[in-house]
Amino acid sequence: MLHETVLERHGYEAHLNAVRLTELYRAYAPLVHARARRLVPSEADDVVQEVFLKLVKADPPEGASLKWLYATTTNTCLDRLRAASRKDPRWQSDVRAAETERRKVTLEEAFASVDLCRKLLARVDEQTQAIAVLVYVDQMTQQEAADLLDLSRKTVGERLQKLAAAAEGL
């Protein structure tokens, strides 16, 4: 008897979770896809699926779903960019060629070129990558990026200075 009650309750909870997931998918999948398409256009569909699979496993609080989805989408895209840069050794020779030319690249130039952007992002840590995408690609203010990533505005500014130093090395 107790076993049947537990199963019924589990089935009901699973149904509620499925309903919530369906609602979140309908509401936010287009936003997740648009975000992924900006960062990894050829893999946007896969990113949407991966993000919603992570949602099922993570089960963020109801009020934080949009913030969680946005951050997770950004991180998933950055993970894919990092993985692609590790698999493609051509970028290393491109970086060496750029270094021999000793040409200084501004951050704006680096983010205008997808290849230069990938090379620059490969030179910095994950947190700096996330900040760079939010500030330079999504055009957020430093304060908005800090709020989204739960960092201080000063930390965001310091990370952007670190990014500028990495860009000078290109």
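Things worth noting here:
- Some residue of segment 76-98 being within 23 Å of Ala165 (Cβ to Cβ), touching a Gly at 6+ places or on another chain (Cβ under 8 Å) and modelled with pLDDT under 90: no
- Residue check: Asp46 meets all listed conditions (1) surrounded by 15 or more Cβ atoms within 10 Å (Cβ to Cβ); (2) modelled with pLDDT of 85 or more; (3) among the acidic types (Asp, Glu) but one, namely (1).
- The residues listed here are Glu109, Glu168, Glu158; of these, the one that is modelled with pLDDT of 90 or more, over 17 Å from the mean Cα position of the chain (by Cα) and either more than 21 Å from Cys77 (Cβ to Cβ) or hydroxyl-bearing (Ser, Thr, Tyr) (or both) is Glu158.
The values are calculated or read from the model by the stated rules, or taken from the named source; none is laboratory data. What you are looking at is a predicted structure, and each value in this text was computed from that prediction instead of being measured. Quick reminder, even Gly has a Cβ in these numbers, built from the backbone with ideal geometry, and neighbours come from all protein chains shown.
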